[in-house]
Each structure stands twice: as structure tokens, then as C-alpha cells.
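The values are calculated or read from the model by the stated rules, or taken from the named source; none is laboratory data. Because the structure is a prediction, the values reported are computed rather than measured. FYI the Cβ positions are ideal-geometry reconstructions off the backbone, even for glycines, and counts take in every protein chain you see.
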Amino acid sequence: MRDVAIVSFASAPNRRTDLRNEVEILMPVVQEAVARSGIARPFDFTCSGSSDFLQGTPFAFVIALDAAGAWPPIAESHVEMDGAWALYEAWVKIQAGQAETALVYAFGKSSPGDLPEVLATQLDPYLVAPLWPDSVSLAALQARAWLEKTGNSERDLAAIAVRSRRDAKANPNATLSGDFEIAKLLAEPYVAAPLRAHDCSPSCDGAVAVVLAAGDRARGVCKRPAWIRGIDHRIEPHALGMRDLTVSSSTRIAGEKAGVGNGAVDLAELHAPFTHQEAILREALGLGAGVAVNPSGGALTANPMMAAGLARIGEAASRIWDGSARRAIAHATSGPCLQQNLVCVLEGE
Amino acid sequence: MSEIVSEEGGILTAPHVLEYPYRRSVGPVLGRFFTELRAGRIVGLRTQQGRVLAPPQEYDPETGAATGSDFVEIGPGGVVTTWSWVVRPRAKQPLDRPFAWALVKLDGADTAMLHAVDAGDLSRMRTGMRVRPRWRAERVGHIHDIECFEPEPQATADNGLGGERQRAGAAGDGGQRARGERQRAGELAMAEEAQKPVTNIKTPMRLEYRYSAGIATSRFLHGIAQGKILGQRCPSCSKVYVPPRGSCPRCAVATEEEVELSDKGTITTYAIVRVPSESIDVPLPFASVHVLLDGADLPMFSVVQECPLDQIRMGMRVQAVWVPREQLGPTLQSIRYFKPIDEPDVPAEKLQETV
Amino acid sequence: MARLCAVAGIGQTQYSARRDDVSIAGLLREAATRALEDAGMDWPDIEAVVVGKAPDMFEGVMMPELYLADALGCSGKPMLRVHTAGSVGGSTAIVAASLVQAGIHERVLTVSFEKQSESNAMWALTVKTPLQASVVAGAGGYFAPLVRAYMNRSGAPDDTGIRVALKDRRNALKNPYAHLRDPNMSFDTIASSPMLWDPIRLHEACPSSDGACALVLTSERSVRKTKYAPAWIHATSMRSEPTQFAGQEKVNPQSGRDCAKDVYKKAGISDPRKQIDMAEIYVPFSWFEPMWMENLGFAPVGEGWKMTYEGATALDGDMPVNCSGGVLSSNPIGASGMIRFAEAAMQVRGQAGEHQVDGARIALGHAYGGGSQFFSMWIVGSAKP
């Protein structure tokens, strides 16, 4: 396997509602990531992630191409998935020797629609989607199953929210942050029992960009590249009633294949849009109590749909660059109740 | 104008509805499931390994193999394996009062299916409770044929005997009701046997959005509302874009410098459209044109009217026809169309660069 | 660095206006099982799956790979879903190939599809966005002015498009999978068909089809002994340019020219017209054949139409184009690009049955999308590169 590293990362402010259009939001983010990378255009490969259903208009990625710099023509592709999978595609391209550098970006505006309802269109179109179960209600099903199986409490979930919001104070791109009291949070009403507002992520309008470079190219532009030592992704059966919702088997498999267990983990950025999912993912990856989870505040404090997974990878890489971590895990998820998961192991040299 | 709903800090937003009456062919496996639902029965599908999947799946997630056709009647009642409580139901959801979503493992099935449970109150929900379907009186072969599930009258947590009692039709209010229901369902079933199997279902979709035009388009439309056409010049290549997008795609930089343009221009190319399109409200046939406004470097799409179709040509000079001044608004519909004007054609060589 | 990648299995569905007999999963499954059988493999042999399709609005299912995971035997496996507009079928094949070329997987299944009868193709392509200009009447309305510009520049005879359509529709009679197979199609029926977006007539335009196409791509060592030897991927390339910018050449797009040059260079082809035995290219409106002949470097600029006129692009010509009937005969939008790539591979395997080009050893698969801005291409051969 070739050495491939993440050499830069940039994010939009993650406002709950950003009235700028997609190109206006994305362009400064791409420009910042490119500038920080120290690599001049053109990139050997460009790949993006987005979803048309967020705004209800087809070809969102085509419009966004204006922000990427596609002239003269570039080698470019797109996945209708979170940008973490666009990063995977770019990593594969470099592994195949077909690129040395890659620009990866993702974006999404959730504010135009009712995101939990929009996400119901991801479900089996014959048996489930016609009932319109929103994503929060389904996550709550999983939460209840997990609470009942593990004997953990809603208080334990609130503690995850409190910790995330506190950590997010240091993140200028967090949608929400601050000091909160567990008791006060637990006094709030349920949104979908057993989940309350603090157990869910604040969806926002956002964009993320990351630059990858291979071997010496990365060493040439970055003092301490965040090397991708392993990356893998897996998917599980679609129907919620077909799998054990209290564990994330695809995360466990992806983590094993990516080599999470090959060394000590300093921190993990886990894409958990719901508090209980952080606990499930932590267990699936075998992360002990000593591992800091989501020092950025995670998706619980900023959830730019379609970019939040890529953001986890960027945030983990940032902590390699600033020396606060030597070995970090980043994770991304897609689909209802953690159906599909990607795990990435990053190391500083 | 009806299209625009609101404005925040100068940025225009308008409603956008994504709506379609999707009609889906279901294939033989789901077709059988829906046909049975129409008859008031629920069937699962037994895999080669002996596992009963409910609802039936066409392909076994564990082996990838096609699941065949070993259908087996299951339920109608079952056990809640997990649930959540919806505090504020959405309009499209099965019930308009707070309800539970639940995974229900029907009697005889090895997997659980998702549906709504009308328990009345959060306090009535328990993992392990027994529920049974509430059938719609008129069924068509759709997941909605089950309006929702409801607690069985004698439902207690993990009461393993409950199910047996019901199937045996033993004494008790729940048993009698279930018997009566099965009988009614049976009668209906006989009538339905004469009907054709379900092959299609309707699954209409309607999603509402509030679409934001963004900064550049909003500025442009504000200009239109004043009868002006404002383009933007790229600071890098100096080309003028209209309608402006706030960026130059060629140079990948933001554009800010505004340039007021004439509403006169040249047709660079065109097509005569004879087939209706949902997005255009002009009588057929019409000329769809690329118009390069004087001062702009990129043509914009529009239509030409007040000109016999056989006279439309590349290089023809045209001018915008606006709505009356008092009807001007921040929408491109303020420009009704372009019409020919009495100026010499622009020669072909000059058009080559800007198709 | 890049390992060899074989096209070991190919499967297509029957294309038609509405596949009323299957669910979406069933449609993909039909193509996938044929590809697996062709490769001498079964579901457990596949290590990863790459799915491709056009906008989700066609079927009204957001991110359908999630629902399709079970139908494609993906439990516990990696799954990707590519979307690059009309070129997606081609891009999807290229992404799948890169997994093998990078040495990450031995055997990859890739499927591209569209079940567009669930809605309406023209509606899905041009969902009206508020506050934006909306005066483009569907794909035909977008491309017709470009066709007119080509006619103007090249001086091509008016009936060039009719000749292309006749050729493709006649070729479709030799392809049992094709959607449109009308033995009565003639020059006159095409010429007298209604003008939709002048200068494009009804029978010069593609149909709207349901369908899927699947490929099994493998490493060299994973190839099994089956009826047909595999096709070998010699080169792949993708190029994109912005939708619209000042001074942009739209009739003969730079991204298409660059993509072609790149794929020829990688395949060691210096004279494409001579060295390539046939091409399956994305022609949704018949006039795109002469335009792409020039864009691909098979003819000088302004002379692509001569290839049609001279019969060069006919099944027995020196550069047969779209022997399968092409997009003009079957167009499940998400799949069409992969069908081109698949048909090219079938040709060099000797697998194309009645529409086989004798002795085809090197073939080009081509797909494009968007406002003529996304291109994906591959060169496949009977022998290893």
C-alpha cells in the first residue's frame, strides 16, 4: 500500500441556516483547503460527496463544480454519499497509481427541508418509506434497545451531550456549544422518547474540503502529514428488524480491517449524530475509557449533512498536525441507525 | 410576485415542492405479501436455512441468495422488540396523535417489522408487549392496509401464553375479537381470491423546501425588479456573467463587480421547441434561444416571440420585452421574452466563440 | 503500481419502457446474476460492490444503495454509489476497476441502473427550482441549439442525423436486449417523425427505458475458465469541465477531447481511427455521432458527418459505432454509460452475437453527461495490455 496523507482541511461555519447558495458556501472552503495544502492546482483527482434530496433539486454536485476549479478540464468524480466515501474513492485512485494529489470536498444545505422527514426517503420504498418514519424516531428505537440491553440510562446519554458541547467551545465552526447541566437537559421534553433535543445533532448548512497527497509529495508540503494507515468501510442489511441495533457490526469489521487495534489510540472522531450511537461506536471499535472521543464536539454540535463524516476525518487529521495526537481514528456513517460505516486510522510519523 | 415568499437580509427565498405520484412495480415476492395484506393476512417467507423473514425479503441478506417462495402465514399478533414514542407526529405519518414506532416480531416470524403502534400514551408502551394489527376496512394491497398496530387487550410483558390463547380462539374478549376478525378477513379473502394479484403500489411523495437564491442571484433579481439587468465581472478573466452566480466557474473565484447591461442582444443559437415542457409556460411551438446581451460574455437562455419561426436565425438582434413597470418584481418572469429589433445581423464569424 | 483488471462477466437486463415485472432490486438482480454467471462466480465470491445511477428523483429513493445492499449480497461488504450525471455508468465502471487496479479487491461487482418509469424522465431531469431561470425544455431543448450550431459550422447535410438514427435502430434489431426494435424503421419513417426540438426529430432521440447493466471486474489471477475469455482494461479516463462559462466551446467540448487524448495515450494508441476496431459511444440524439467522431479524433473538425455518410460507422464500416443500437435504442439513464463500456468489452470477447464486429480486438467505451461536461472512457482489448 502506498503512503497517503491528509495535508489540509477546511470547514464552513456550520450555521443552522446559511442563506448563501451552495457555491457561495463551498468556494471559500475549497480555497482555504487548497491554500493551506501548499499544493498548486490542478490536483490529479477531485472527488466530492453530496445528496440531491437535501434541497430537492437534481444535480447539486454539478452546480458545486463551479467552486472546485474545473478549468482546464480535470479528472473528477462524485459519490452521492457523505464526503468520507469521496475521500475513500480518492485514496483508491492514489493507491492505483493514477493520482499523486487529490482534492476532496462535500457540502449540504439541510435548512431548506425537514431533514428527519427527507431522510425517510432512504428507506425501503415498498415496506417502510410509505409510513414516513423520520430519522430521529428510528434512532430513538435504537436508543431504547441499547438502553434496555446495557442497563445504561438517559443520564449517561445526557453526559455525552454535555461533554460534546463543552468541547465544542474550542471549535469556531460548531453550530452550538457551551456549558450545560445534565439535570437541566433531562428536564426538557422528549423529541422522540427516549431521545431529547440534546441527544440529537443540530443539522446545519455546511461544507468541508480536504487535500490528500502521496508519499514524498505530502512530506514536501506538510511538516507532520496525517498518514492514512488503514481505511475500510462496510454495510449491513437494510431492514432495522434484520439486525441487532445495539451493536455496530459493520463498524467493528471496518475497524478490524483498517487496523484500529494495531496500536494505541489517542483520540477518535466518531460520526455519531445521536448520543447513544457514540457509545455503540466506541464499543464496536474497542476504544477504552482513556481514548478522547470527539474533541471537536463531533456531529452532536455540528452536523453538516453529507459533510459531517468527512469533517470527522479532517478534525482527526488536525490533531495529528498540531501534535496533540500521534494516532487517531476517524469514523463516518450513512443510512438509518448506523447501517453503513467507514473507519480511517491516521498516524503522525 | 407569487413566486417569492420572503426576504432575509436582502436574500430571497421561495417555496419549492418536490412532488411526484410514484408508481412502483413490486415483483413477485412483495407482490404476494401485498396481495395477502389486501386479504387481511400477513405472510413471512421461510429461507433455505429455515428462518422466517417478515416482512418477506426478495434476497436473503445473509447469503445473497434469492429467497424463493416458501410463504408462511404469520401473526397476526406479535411482540414489540423495541419502540420509540413520537411526541409530535408529522402529517404523513400513520397517526395524527402521539404514537409509538415499533419493531414488531409477529408470531411465527424470526425478524421484526416496523410499524406504528397506537398505544394512546407513552406509559402503555413496553418492550415485550403484545400487539396486533388494526386493519383498514378497505384494503388495496399496500403497507397502509395495516393502519397501525394496537396493544392486545390482555397485553402484559412477556406473557408467552397470550399468543397461544389467541390462536386457539380461547375464551376472552381478545380471543373472540381476533376470531371475528379472522372470519371477516376470511370472507373477504374468498372474494379477493377472484381478484388479480397485486403487482404495483402507489407511493406518492411530497417534500416541501424553502429554497434560498443566495447572495448573487438575489442581487440580480433585485435589479430585475427595477428593470435593470445586472451582470458580474470576474476579477481574474474580466468576463461578464449574466445571470451572475457570484463566481466565475472558469477561474474558480468569487465575482463581485456589478455591471449594468443593455437589454438588447444577439441570438447565438436556438432550437424550435415543439414538445411541451413542465418548466415552460409558452404556447407551442416556440423558439428557445441563447441570447448574448450587449456587454455580456455568456449567453443566457430565453425564448423569442413576435417573430415567425422560420425567421429565427443565428446572429439576429433582439431586445427584451418586460412586463409593465408596475408588475416588475424580483423574478426572471419580469422579462416576458425577447423580440426581434431592426438592426443588422451579427456575422457568423463573430459568434463562433460564444455559442 | 496499477494491477491488471479483467472484465470477467457482463450482464444486461431486457430494456423496455416499463419493467412492470420486477421491483428495483429485481431489476438490478437480473443484470447482476447474468454477470456472475458469465464470470463463473456466485455472490460469495464478490468482495465489494459499486452501484451507479443518475439523480435519485427518478425513483424517489434517496441513496438507494442503502435499500439495495441486501439485493446485491453486500452484508458485511464495502459498497459505494457513484453519481456523475449521464456519464455515471462509465464512471461507476472506472471506480470499480480502480479497486482492482489498486490491489484492494480481487473481484468486484458493479451495477448501474435506472427504473425511470417509476416517475417521468423529463420531470426528474428538470425539476423546477424557484428563483432560477427555467427556459430549457428538457435535455433535447438543451442540446438542440448545440446541434444547430454544429450543422451551421460543419455544413453537414440536413439528413445526417436521420442516417445515424437509421443505422442505430437497425443495429438494435441484432441486439435482443434493446428497447426499441422496430423492423419497419426506415429513412422515411424517421424523416417524417415529428420534430421535437428543431432540428431533432422524435426518431432521432433516445427513448426512456428501465434497465440495468452489470460487470464483474477481477484481478488477473481471479479470472475463471468460462465460455468467453475476459476483456482486459487497457486504459480508463475521466474529465470534467464547468457547466457554462464565457468563451466555452460547447459543441466540441475540451473535456471530451482531453479525455480521449488521455485514454489513447495511456493505451498506447497514436492513431485512434486505425488502431481502434469499434466504439460504443453515448449518442442520445443522433447528431451526436458526427460531433463525437470529431471530439474523439476519429475525423477532423467539421468532417465527422462524412464518416456517417460514407458508411464508416456502420457495422461493416472501418469504425463501427454503436453496433448494439446505442443510447438511441435503449436509455436507462443511469445505466447507459455502463452499457457502452459493457458492449465494448463484449466486442473484444467475441460475445456480441449478431452485432459482433469481426475480429474486434480493441474497443472504446464512452459516456458523457451534464451539459456536455462530464466524460468517462475506457479502452478494452482481447489481449492483456
Legend entry - Listing of helices (runs of 4 or more DSSP H) fully contained in segment C:8-106 that carry 2 or more residues being within 10 Å of chain B (Cβ to nearest Cβ): C:24-39
Inset, instruction - Consider A:Gly288 carefully, then state whether it is at pLDDT below 95 and either crowded, with 24+ Cβ neighbours inside 10 Å or among the small types (Gly, Ala, Ser) (or both). - result: yes
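Residues checked against (1) more than 18 Å from C:Leu180 (Cβ to Cβ); (2) in contact with a Lys or Arg (Cβ under 8 Å, 6 or more places away or on another chain):
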residue	(1), (2)
C:Ile269	yes, no
C:Pro272	yes, no
C:Ile281	no, yes
C:Thr313	yes, yes
C:Met319	yes, yes
C:Cys323	no, yes
C:Ala335	no, yes
C:Met338	yes, no
Legend entry - Count of segment A:5-17 residues which are surrounded by fewer than 23 Cβ atoms within 10 Å (Cβ to Cβ), of a type outside the set (Val, Ile, Thr) and within 14 Å of chain B (Cβ to nearest Cβ): 2
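Okay, residues lined up against (1) free of Cβ contacts under 8 Å to residues at least 40 places away in the same chain; (2) touching a helix residue (DSSP H, G or I) at 6+ places or on another chain (Cβ under 8 Å); (3) surrounded by 23 or more Cβ atoms within 10 Å (Cβ to Cβ); (4) over 29 Å from C:His234 (Cα atoms):
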residue	(1), (2), (3), (4)
A:Phe53	no, yes, yes, yes
A:Ala67	no, yes, yes, yes
A:Pro72	yes, yes, no, no
A:Ser77	yes, yes, yes, no
A:Glu80	yes, yes, yes, no
A:Ala86	no, yes, yes, no
A:Val92	yes, yes, yes, no
A:Glu100	no, yes, no, no
A:Leu103	no, yes, yes, no
Inset, instruction - Mind listing whichever residues of segment A:18-54 are of a type in the set (Asp, Glu), touching a strand residue (DSSP E or B) at 6+ places or on another chain (Cβ under 7 Å) and at the interface with another protein chain (Cβ under 9 Å from one of its Cβ atoms)? - result: A:Asp18, A:Glu22
Legend entry - Wholly enclosed helices (runs of 4 or more DSSP H) of segment A:32-130 bearing at least 2 residues under 20 Å from A:Val208 (Cα atoms) and at pLDDT 95 or above: A:83-95
Inset, instruction - Name the residue, out of B:Glu58, B:Glu19, B:Glu62, that is surrounded by fewer than 18 Cβ atoms within 10 Å (Cβ to Cβ), free of Cβ contacts under 8 Å to residues at least 40 places away in the same chain and at the interface with another protein chain (Cβ under 10 Å from one of its Cβ atoms). - result: B:Glu62
Legend entry - Pair list, Cβ under 8 Å, 6 or more apart: segment A:122-133 residue among the β-branched types (Val, Ile, Thr), other residue in a loop (DSSP other than H, G, I, E, B): A:Val128/A:Ala239
Legend entry - Qualifying residues in segment A:338-349 (those that are within 15 Å of C:Ser75 (Cβ to Cβ) and within 11 Å of another protein chain (Cβ to nearest Cβ)) - the one surrounded by the fewest Cβ atoms within 10 Å (Cβ to Cβ): A:Gln339
Inset, instruction - Quick one: count up the residues across segment A:233-292 that are assigned to a helix (DSSP H, G or I), of a type in the set (D, E, K, R) and within 14 Å of another protein chain (Cβ to nearest Cβ). - result: 3
Inset, instruction - Specify the residue that is farthest from C:Tyr67 (Cα to Cα); the eligible residues are those in segment B:27-83 that are assigned to a loop (DSSP other than H, G, I, E, B) and among the basic types (Lys, Arg). - result: B:Arg41
Inset, instruction - Could you grab the pairs with beta carbons closer than 7 Å, sequence gap of 6+ or different chains, first residue in segment C:86-104 and surrounded by fewer than 24 Cβ atoms within 10 Å (Cβ to Cβ), second one of a type outside the set (Val, Ile, Thr)? - result: C:Ala102/A:Gln95; C:Ala102/A:Ala96; C:Gly103/C:Arg3; C:Ile104/A:Gln95
Inset, instruction - Just give me the residues in segment B:299-327 being away from every other protein chain (no Cβ under 12 Å), under 22 Å from B:Ala216 (Cα atoms) and buried (at least 17 other Cβ atoms within 10 Å of the Cβ), in sequence order. - result: B:Ala320
Inset, instruction - Report, by residue number, each residue of segment A:174-203 that is in a strand (DSSP E or B) and modelled with pLDDT of 95 or more. - result: A:Tyr190, A:Val191, A:Ala192, A:Ala193, A:Leu195, A:Arg196, A:Cys200
Legend entry - Candidate set from segment B:88-115 (those that are of a type in the set (A, V, I, L, M) and more than 7 Å from every other protein chain (Cβ to nearest Cβ)); member that is nearest to the chain's Cα centre (by Cα): B:Ala91
Legend entry - Leading residue by the ranking (farthest from the other protein chains (Cβ to nearest Cβ)) among those in segment A:99-121 that are out of contact with any strand residue (DSSP E or B) (no Cβ under 6 Å at 6 or more places or on another chain) and charged (D, E, K, R): A:Asp114
Inset, instruction - State whether one or more residues within segment C:46-55 are acidic (Asp, Glu), in contact (Cβ under 8 Å) with a residue 40 or more places away in the chain and surrounded by fewer than 24 Cβ atoms within 10 Å (Cβ to Cβ). - result: yes
Inset, instruction - Filter segment C:209-246 down to residues that are assigned to a loop (DSSP other than H, G, I, E, B) and of a type in the set (Lys, Arg), then give me how many there are. - result: 3
Legend entry - Given (1) within 12 Å of chain C (Cβ to nearest Cβ); (2) within 36 Å of the chain's Cα centre (by Cα); (3) surrounded by fewer than 22 Cβ atoms within 10 Å (Cβ to Cβ), number of the condition B:Cys248 does not satisfy: (3)
Inset, instruction - Kindly indicate which of A:Ala317, A:Ala299 is assigned to a loop (DSSP other than H, G, I, E, B), surrounded by 21 or more Cβ atoms within 10 Å (Cβ to Cβ) and small (Gly, Ala, Ser). - result: A:Ala299
Inset, instruction - Evaluate segment B:181-192: report whether one residue or more is more than 14 Å from every other protein chain (Cβ to nearest Cβ), modelled with pLDDT under 60 and touching a Ser or Thr at 6+ places or on another chain (Cβ under 9 Å). - result: yes
Legend entry - Selection status of A:Thr57, hydroxyl-bearing (Ser, Thr, Tyr), free of Cβ contacts under 8 Å to residues at least 60 places away in the same chain and facing chain B (nearest Cβ under 9 Å): yes
